[in-house]
Amino acid sequence: MMDMNILVLLKPVPDPEQERDIQIDTGSGRIVREGVKHVIDPESRNALEAALQLAKKPGGEPGFVAALAMAPAQMKDKLTEALAMGADEAYLLSDKAFGGADTYATSYTLAAAVRKIEAEKELQFDLILAGTSSSDGGTSHVAVQTAEWLGRTHISNVCSIELPDSAAGGALIRAVKRSEEVMLTFEGEGPAVIGVTRDINKPRLVTAMGIIKARKKPLTVWNIEDLVIDPDKAGLAGSPTKPGRLFKPETGRTAKEPWETPEEAAAGILEIIREAGI
Amino acid sequence: MKADDINKILILDQGDPVAGQLLTKAAAVFGEKTEYVVLKAHKTHNIALRMMEQTVREENPELVLIGATALGEEIAPALGVRLRTGVAAHCVDIRVNDEGRLTFLIPAFGGRVIGEIFIPDAKAGQPAIATVKPGIFQQRISLYDGFCRTDIGPAPSVRIIDADALAADGSIPEGSKTQGAFRLAEITPRQRAASDIACAELILCGGYGLGNEETWHKLEALADKLNGAAACTRAALDAGWGCTEDTMIGTSGRAVSPEVYVGFGISGAAHHTCGIAGAGRIISINTDKDAEAFAASDYKGVFDAEQVIDALLDQIK
Ligand SMILES: Cc1cc2nc3c(=O)[nH]c(=O)nc-3n(C[C@H](O)[C@H](O)[C@H](O)COP(=O)(O)OP(=O)(O)OC[C@H]3O[C@@H](n4cnc5c(N)ncnc54)[C@H](O)[C@@H]3O)c2cc1C
Ligand SMILES: Cc1cc2nc3c(=O)[nH]c(=O)nc-3n(C[C@H](O)[C@H](O)[C@H](O)COP(=O)(O)OP(=O)(O)OC[C@H]3O[C@@H](n4cnc5c(N)ncnc54)[C@H](O)[C@@H]3O)c2cc1C
């Protein structure tokens with residue numbers, strides 16, 4: 001069996017369970033992140049689980065799984081968590097100059113880090129796995145754009161990845177992409193960047209043994225000087241999209257409560273449907 | 001970029017209603033002084049991406065609009081990197097602000113927050129690119145026959161470039177069966193709901209508060225009798241009552257704009273409600289008097305969902 005090298009793009013995000021309480025600072029117009037619990041973005045976690053399942057098949061040659069995040073320094077513990085889940089190494093890109101990056105600048109910086117990791121390790125990742133869409137920004141751009149910067153194949157919305165002929169030593173990757181009307185099965189050899197969806201797997205829990213092992217695994221932090229990049233393409237300065245005001249959406253609706261019983265509600269609903277001419 | 005600087009807009013038509021929705025919106029914002037070009041390149045990745053890149057280089061538009069379908073979500077960001085320009089993702093509105101700047105309104109945190117995004121350095125040939133989910137904008141102009149709404153308003157003059165990757169019989173020619181270096185090995189149809197929620201004028205949406213599979217089936221039967229469509233939330237989908245994913249409404253599902261939407265047992269997470277912002281009347285039934293769903297509703301009823309569904313079934317007998 002072939003041993004695979006897989007890199008996972010892993011984004012720390014504010015806990016989706018707490019999104020209801022998300023606040024916008026009226027002075028700066030920015031989202032208040034202080035005091036908000038951060039977690040690994042759910043689909044990034046699915047990507048990590050997929051990487052571990054593909055690279056660490058029982059009985060096979062164990063492959064290499066690394067995790068990469070661009071995030072503020074205090075998010076380091078999210079990478080430690082990835083190591084505890086089973087990743088072999090982790091890389092954190094952290095620098096004030098990376099702040100405020102849109103997806104173009106984010107993916108540009110991530111791609112530069114991929115090149116550096118590959119050069120240092122003298123390997124090429126067979127797969128780079130990411131979420132299709134993060135729970136906070138949720139643009140669905142980063143996997144595709146990272147692939148573009150690296151000149152690699154990209155496929156998003158992938159709900160299944162298999163290695164059909166790995167037992168015979170083959171390198172074929174089979175990925176099933178979900179689109180609106182059909183499921184598309186793609187086959188090819190790496191390198192490729194794949195964005196997964198949440199239903200690809202159920203991520204494993206962190207175990208006590210995993211946490212102990214994670215302490216001995218390398219976690220590297222790089223700043224802008226460690227990467228070979230054009231500083232004009234990183235962070236807010238390098239972002240072609242610029243943010244303006246942030247606000248909470250107004251629905252412009254105020255709910256009337258005209259009905260006293262379920263029967264009245266039913267009659268009222270039918271009346272509204274009739275009025276709408278349906 | 002100022003809205004006045006926009007002379008030409010390129011829209012990708014992927015063979016679904018979204019191109020008509022984008023054209024309707026663009027025509028409303030930019031009017032007749034702008035030239036509209038539609039590239040018809042149906043449903044294959046490598047060809048659509050290559051043709052879009054080539055068409056931008058030949059036509060030099062200042063703005064490119066792409067439907068955020070599974071295909072469009074791969075074409076748009078890739079194009080952004082290739083053309084060295086910004087991409088505004090999943091716009092819920094495209095506007096001209098007080099200073100005359102082109103402004104995209106973008107949801108984040110599953111729709112709980114909306115942000116303004118500008119692409120100030122965009123210019124002809126290095127256009128601002130924006131994606132919009134199907135169903136966010138209403139369609140008042142149809143490019144071709146066969147979409148849910150027919151010609152309603154006067155259409156701006158549109159030039160269509162036909163780069164259709166599909167053969168006349170709808171099959172995919174051998175040469176375009178690739179995505180990057182990967183080969184398209186198989187296409188299988190997905191399980192589809194009986195009625196399409198995208199075109200429905202009435203949607204009855206079930207949430208986790210329906211409580212069980214039986215009540216979900218009652219809701220489906222009711223929707224059928226009322227000539228509407230049944231839809232679901234993610235929690236209802238996950239419950240495994242038999243709801244299908246193509247009827248899930250919200251951030252990771254679909255956006256709809258029916259005349260009437262009735263939600264049963266839905267808490268009203270922004271992830272869900274951002275998909276119904278365009279609905280005419282919104283009615284919510286929930287046993288929790290403080291349910292967040294009520295804040296996004298025109299009518300509310302603090303009742304048991306099943307009792308209201310039973311009463312509805314009873315009254316239409
Ligand atoms: C209100 C608002 C609107 C925005 N609108 C836009 C916009 O229209 N266009 C635009 O270009 N930017 C926009 N942004 C900025 C964008 O959200 C950030 O650049 C964000 O850091 C990356 O994009 P995402 O979270 O949308 O990633 P997605 O592409 O949705 O993430 C998919 C996957 O990529 C990986 N990934 C993403 N970010 C990282 C990271 N930092 N480190 C490691 N892996 C990562 C993860 O695996 C993740 O699951 C917006 C931000 C806000 C707050
Ligand atoms: C990244 C991400 C993307 C997401 N995308 C989507 C999406 O696209 N679409 C989506 O829907 N969700 C999405 N979600 C999930 C979303 O956050 C909510 O969890 C979900 O919408 C809740 O569904 P619900 O209202 O049916 O269930 P719940 O939140 O469990 O609410 C059930 C409601 O039913 C009420 N109820 C209980 N019993 C009764 C009764 N007998 N009669 C009447 N009412 C009753 C309760 O008071 C409650 O308000 C997403 C989440 C994440 C993190």
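The trypsin sites (Lys or Arg not before Pro) of the range A:1-81 that meet both conditions, a loop assignment by DSSP and at most 16 other Cβ atoms within 10 Å of the site Cβ, are A:R30, A:R33, A:K37. Other residues with beta-carbon under 12 Å from the beta-carbon of A:K37 carry, at +1 per Lys or Arg and -1 per Asp or Glu, a net charge of -4. Model label points for A:V221 and A:R253, set 7 angstrom from Cα along the Cα-to-Cβ axis, are 4.7 nm apart.
Pick from B:A181, B:A89, B:A198: which residue has the top mean-square fluctuation in a GNM of chain B where Cα pairs under 10 Å get a spring? In the Gaussian network model the winner is B:A181.
Taking the Cα centre of the range A:5-233 as the origin, how large is its charge dipole in debye, to the nearest 20, when only Lys and Arg (+1) and Asp and Glu (-1) carry charge on their Cβ atoms? Display every interim value, and only then the final one.
Working: 26 positive and 33 negative charges, 128 e Å.
Computed about the Cα centre, the dipole is about 620 debye.
Where the alpha-carbon atoms of the range A:5-233 are placed on the principal axes, they occupy 61, 46, 39 Å, in descending order.
Taking square-rooted eigenvalues a ≥ b ≥ c of the alpha carbon gyration tensor, is the range A:67-150 rounded, prolate or oblate, where a/c under 1.5 means rounded and, failing that, a/b exceeding b/c means prolate? Could you put the intermediate results ahead of the total?
On the way: a/c = 1.34, a/b = 1.09, b/c = 1.23.
The shape class here is rounded.
Mean residue ellipticity at 222 nm from the helices of chain A, using -39,500 (n - 2.57) per DSSP H segment of n ≥ 4 over the full residue count, to the nearest 500 deg cm²/dmol? Show your work: numbers first, answer last.
Working: 6 runs with 73 residues, N = 278.
My calculation for chain A gives -8000 deg cm²/dmol from helical runs alone.
For the pair the range B:259-276 and the range A:93-109, the centres of their Cα atoms are 35 angstrom apart.
In this label model, A:Q124 and B:N97 are separated by 4.4 nm, measuring between points 7 Å along each Cα→Cβ vector.
With point charges of +1 on the Cβ of Lys and Arg and -1 on the Cβ of Asp and Glu, referenced to the Cα centre of the protein assembly as shown, which listed residue (A:G235, A:V193, B:V56) lies farthest in the positive direction of the dipole? The residue sitting farthest along the positive end of the dipole is A:G235. Each Cα pair under 8 Å and six or more residues apart adds its sequence gap; the mean of these over the residue count of the range B:1-112 is a relative contact order of 30 percent. Summing charges over neighbours of A:E118, with a neighbour being any other residue whose Cβ is under 15 Å away from its Cβ, gives -2 when K and R count +1 and D and E count -1. Note on chain A: with a GNM built from Cα contacts shorter than 10 Å, the maximum mean-square fluctuation among A:P249, A:P262, A:P58 falls on A:P262. Relative contact order, whole percent, for chain B stands at 16, derived from Cα pairs under 8 Å and 6 or more residues apart. Provide, for q = 0.11, 0.15, 0.20 Å⁻¹, the log10 of I(q)/I(0) from a solvent-free Debye sum over equal Cα point scatterers in the range A:189-278. So the normalised log intensities are -0.86, -1.02, -1.15. Would you mind telling me which residue in A:G59, A:G195, A:G131 has the biggest mean-square fluctuation in a Gaussian network model of chain A, where springs connect alpha carbons within a distance under 10 angstrom? Between A:G59, A:G195, A:G131, it is A:G59 that shows the largest mean-square fluctuation. Charges were assigned to the Cβ only: +1 to each Lys and Arg, -1 to each Asp and Glu. The resulting dipole of chain B about its Cα centre is roughly 640 debye. Normalised by 2.2 N^0.38 Å, with N the number of residues, the alpha-carbon radius of gyration of the range A:98-241 equals 1.17. Structural descriptor for the range A:5-233: relative contact order 26 percent, calculated from alpha carbon pairs under 8 angstrom and at least 6 residues apart. For chain B, the longest principal axis of the Cα atoms and the long axis of helix B:72-83 meet at an angle of about 30 degrees.
The C-alpha radius of gyration of the range B:24-71, expressed as a fraction of 2.2 N^0.38 Å, stands at 1.25. Between the beta carbons of A:T26 and A:R115, assuming R0 = 45 Å, the FRET efficiency works out to 0.60 to the nearest 0.05.
Normalising by residue count, the protein assembly as shown has a Cα convex hull of 163 Å³ per residue. Here are some pairs, B:K2/B:K25; B:K8/B:K33; A:K56/A:K202; A:K11/A:K56; A:K57/A:K202; which of them have Cα atoms lying more than 20 Å apart in this structure? Checking Cα-Cα distances, A:K11/A:K56 exceed 20 Å. Compared with the dominant principal axis of the Cα atoms in chain B, helix B:305-315 is inclined by about 80°. Projecting the Cα atoms of B:I117, B:P107, B:Q307 onto the charge dipole of chain B (Cβ charges, centred on the Cα centre) puts B:I117 farthest toward the positive pole.
For chain B, the Stokes-Einstein estimate of translational diffusion at 37 °C and a viscosity of 0.692 mPa s comes to 158 µm²/s, using the Kirkwood hydrodynamic radius over alpha-carbon pairs. The modelled label-to-label distance between B:R50 and A:R33, using points 7 Å beyond Cα along the C-beta direction, is 4.1 nm.
Each value in this text was obtained by applying a stated rule to the coordinates, not by laboratory testing. No experiment lies behind these values; they were computed from the predicted model shown. Quick reminder, even Gly has a Cβ in these numbers, built from the backbone with ideal geometry, and neighbours come from all protein chains shown.
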